[in-house]
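Peer 1: Before we start, here is the structure in question, set down as structure tokens.
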Amino acid sequence: MKKTFLLFLLLVGLLIVDHRGQTYESLIDPVKIRERVKRLSADDFEGRGPGTPGSMRAAEYIVGQMKAAKIKPGNGKSYYQNVKMVGIKADPATPMTFTGRGEPRSFRFGEDFVATTGSQTSNVSIDAEVVFMGYGIDAPLYNWNDYSGPAEDYRGKVLIIMVNDPPATAEEPNLFGGRALTYYGRWTYKYEEAARRGAAGVILIHTTESAGYGWNVVRTSFGGSRSEIERSAGDKTPFLALMSWMTDGMAKSVMEKAGLDFEGMRLKAGTRNFKPIKTGLRVKIDLKADVTRFESPNIVGKIDGADPKRKNEYVLFTAHWDHLGIGEPDATGDRIYNGAYDNASGVSAVLGIGEAIAKMPKAQKPKRSIYILFPAAEEQGLLGAEYFAQYPLIPLNKIAGNVNIDGVNFFGRTKDFSALGAERSTIGLFVEEVARERNMTLEGDMRPEQGFFFRSDHSPFAKVGIPAISLRHGDDFVTPLTGTALEFFSNYTAKYYHQPSDQYYDWWDASAMVQNAELGMAIALKIANSPTMPRYLDTDEFSLADKKRMRN
């Protein structure tokens, strides 16, 4: 009797651990997670640039892996949601010239500036007045409007705009989120707002501090081929004829030509009483571009939930499958931007998670369904995710939450992790549980000024009210990094981000990748089995969108 009772206690204990402290690492295959990254970042996939033959081979490979993993198609009988796009590659021999106030001054494409067009045409000629618009923000929430002057100050003009948010002050320490970058600080917002105002173009001023990355990233990301969602006939969405970035050195040269105190202008732009400054200059650029029209698919799959009442609700995984394709050669002559960390690793992790859940016995399967979206063209401005949010294949009000993975830890196992956006919604409770059960430290946003919450595919879903997080690995390594791993980790942004050197290396730690993937899986399963769907907190900026979506 005593032995039977002890055995009963042991079984109860095992069940408690299984329910409250279980990790799913044994269900995720480390060999496959490594092989998938290696294959997706191989040279014959040509850097997975949207619309290229190499990218289509990569898409077919991903679909093949989903089929092998028993993940069902997510669009009827198809694994694809085709997104019609326009590819635009500006002529790198194009100069940009400023006239007025003395001799004309010309600047070089790539060295001084990069440019593209939103007109989706092969020839664009600009000859327009230049206006300094400060931060280019209209934010009623913060009682801030750089566009408060008359429309003739900006309509039809080319606007020079600073990236990032206006700085917080001692009087207003939480202005524009304090240290944290808001959407108003993102370069995408600057272009969108200027287009809504009828500007002819925008030239953004780059600094490494304000952008969070060096000019080399802008040059490779924005100076090559760019893609946009194709506008249909009759589409009235406003666009900019010129979308450009320039170096801080070029900006200083332009303002010097205009006879203006550039540093004083920057300081003035950080105040509410800023008004647009006419520079007295005109900018001229004849931009010729190769324009191609193509389709690049969102790749979609699903795993049915076990609860008949909740299987029509979903937990959404996202991990973009594209990268930058073929571009400028690096110092070694390598022109293929393989995107191993960004984001072959994320796709591999989500494939591993999907395979693990699909193979679960029915009694262990999540109550809600799991929907997997590998968005296209994230590197072009979150285009695939934006398209899905606009044309969803599942009802937005049936999506319980979104777990995004963009870059998976391959350096070594960590004692910590973060989930960007967790504090915004009740998903945060599940994230805290997962951290506590694994005895891991849950970090907040370790670099809030970089605005990572708005830089990946969960952001379009947050904007339509879906509680979303983006999983990020920690930096408190169980075994301190040394050698090549330490060098890669320490210099990722400067030397590897959006460069041909972001490749697969044999020293990658597959067990660290499994640990990272398992965290995403555990959070998703808690959301999938929750009695109620997560919601944004009433104090969050996405709360109104959440309430609106749930009314539909």
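Peer 1: So which of S511, S490 is farther than 30 Å from P392 by Cβ and open to solvent by 60 Å² or more (accessible area, probe 1.4 Å)?
Peer 2: From the options S511, S490, the qualifying one is S490.
Peer 1: In the stretch 1-111, which strands (runs of 3 or more DSSP E) lie fully inside it and hold 1 or more residues that are at pLDDT below 95 and not acidic (D, E)?
Peer 2: 80-90
Peer 1: Let me ask you something else. Answer yes if at least one residue in the stretch 264-285 is within 24 Å of D112 (Cα to Cα), open to solvent by 40 Å² or more (accessible area, probe 1.4 Å), touching a Pro at 6+ places or on another chain (Cβ under 9 Å) and not hydrophobic (A, V, I, L, M, F, W, C), and no otherwise.
Peer 2: Yes, there is a match, as at least one residue in the stretch 264-285 is within 24 Å of D112 (Cα to Cα), open to solvent by 40 Å² or more (accessible area, probe 1.4 Å), touching a Pro at 6+ places or on another chain (Cβ under 9 Å) and not hydrophobic (A, V, I, L, M, F, W, C).
Peer 1: On to the next question. Test each condition in (1) open to solvent by 50 Å² or more (accessible area, probe 1.4 Å); (2) in contact with a strand residue (DSSP E or B) (Cβ under 6 Å, 6 or more places away or on another chain); (3) modelled with pLDDT under 95 for K236 and report the one that comes out false.
Peer 2: Going through (1) open to solvent by 50 Å² or more (accessible area, probe 1.4 Å); (2) in contact with a strand residue (DSSP E or B) (Cβ under 6 Å, 6 or more places away or on another chain); (3) modelled with pLDDT under 95 one by one, K236 breaks only (2).
Peer 1: Which of the numbered conditions does F454 fail, given that it passes all the others? Conditions: (1) crowded, with 21+ Cβ neighbours inside 10 Å; (2) of a type in the set (F, W, Y); (3) modelled with pLDDT of 95 or more.
Peer 2: (3)
Peer 1: On the basis of being in a helix (DSSP H, G or I) and under 21 Å from I126 (Cβ atoms), does M250 make the cut?
Peer 2: The answer is yes for M250.
Peer 1: Are any residues in the stretch 79-96 open to solvent by 30 Å² or more (accessible area, probe 1.4 Å) and in contact (Cβ under 8 Å) with a residue 60 or more places away in the chain, and if so, which ones?
Peer 2: Across the stretch 79-96, the qualifying residues are Y80, N82, K84, K89, D91, P92, P95.
Peer 1: Based on what the data block shows, is D112 of a type in the set (D, E, K, R), closer than 24 Å to L383 by Cα and touching a Ser or Thr at 6+ places or on another chain (Cβ under 9 Å)?
Peer 2: In short, no.
Peer 1: Also, I was wondering about something else. Give the residue, chosen from G64, G49, that is open to solvent by less than 60 Å² (accessible area, probe 1.4 Å) and free of Cβ contacts under 8 Å to residues at least 60 places away in the same chain.
Peer 2: Answer to the selection: G64.
Peer 1: Checking the condition β-branched (V, I, T), under 17 Å from H498 (Cβ atoms) and without any contact (Cβ under 8 Å) to a residue 60 or more places away in the chain, which residue from T208, T188, T237, T220 passes?
Peer 2: Of the residues listed, the single one that is β-branched (V, I, T), under 17 Å from H498 (Cβ atoms) and without any contact (Cβ under 8 Å) to a residue 60 or more places away in the chain is T208.
Peer 1: Here is a follow-up. If F542 satisfies every condition in (1) over 20 Å from the mean Cα position of the chain (by Cα); (2) over 25 Å from D322 (Cβ atoms) but one, which is the exception?
Peer 2: The failed condition is (1).
Peer 1: Within the stretch 221-231, is even one residue of a type outside the set (G, A, S), surrounded by fewer than 16 Cβ atoms within 10 Å (Cβ to Cβ) and under 13 Å from Q120 (Cβ atoms)?
Peer 2: yes
Peer 1: Does A115 fit the bill of being small (G, A, S), at pLDDT below 95 and open to solvent by less than 60 Å² (accessible area, probe 1.4 Å)?
Peer 2: Answer is no for this residue.
Peer 1: Sticking with this structure for a sec: I'd like to know if the stretch 166-177 contains one or more residues that are in a helix (DSSP H, G or I), in contact (Cβ under 8 Å) with a residue 12 or more places away in the chain and either open to solvent by less than 20 Å² (accessible area, probe 1.4 Å) or more than 25 Å from L382 (Cα to Cα) (or both).
Peer 2: Yes, the stretch 166-177 has at least one match.
Peer 1: Sticking with this one: Which number in (1) under 18 Å from P448 (Cβ atoms); (2) modelled with pLDDT of 95 or more marks the one condition that I161 misses?
Peer 2: I161 satisfies all of (1) under 18 Å from P448 (Cβ atoms); (2) modelled with pLDDT of 95 or more except (1).
Peer 1: Counting just the residues of the stretch 471-487 that are open to solvent by 60 Å² or more (accessible area, probe 1.4 Å) and among the acidic types (D, E), which one comes out nearest to F453 (Cα to Cα)?
Peer 2: D475
Peer 1: Limited to the stretch 331-362, what total is found for residues that are open to solvent by 50 Å² or more (accessible area, probe 1.4 Å) and either part of a strand (DSSP E or B) or closer than 30 Å to Q380 by Cβ (or both)?
Peer 2: Final tally of qualifying residues: 3.
Peer 1: Shifting gears a bit: Would you check which residues across the stretch 378-411 are open to solvent by less than 10 Å² (accessible area, probe 1.4 Å), closer than 29 Å to E487 by Cα and in contact with an Asp or Glu (Cβ under 7 Å, 6 or more places away or on another chain) and list them?
Peer 2: The answer is N404, G407, F410.
Peer 1: I'm trying to understand the selection: among the residues of the stretch 67-78, which are buried (at least 19 other Cβ atoms within 10 Å of the Cβ) and either within 23 Å of the chain's Cα centre (by Cα) or under 23 Å from E228 (Cα atoms) (or both)?
Peer 2: Listed by number, the list holds a single entry, G74.
The values are calculated or read from the model by the stated rules, or taken from the named source; none is laboratory data. None of these values were measured; they are calculated from a predicted model. Positions of Cβ are generated from backbone atoms using ideal geometry, with glycine treated the same way; all protein chains shown enter the neighbour counts. When the accessible area is computed, the model is the full protein with side chains, heavy atoms only, and any ligands, DNA or RNA have been set aside. Shrake-Rupley method; radii C 1.70, N 1.55, O 1.52, S 1.80 Å.
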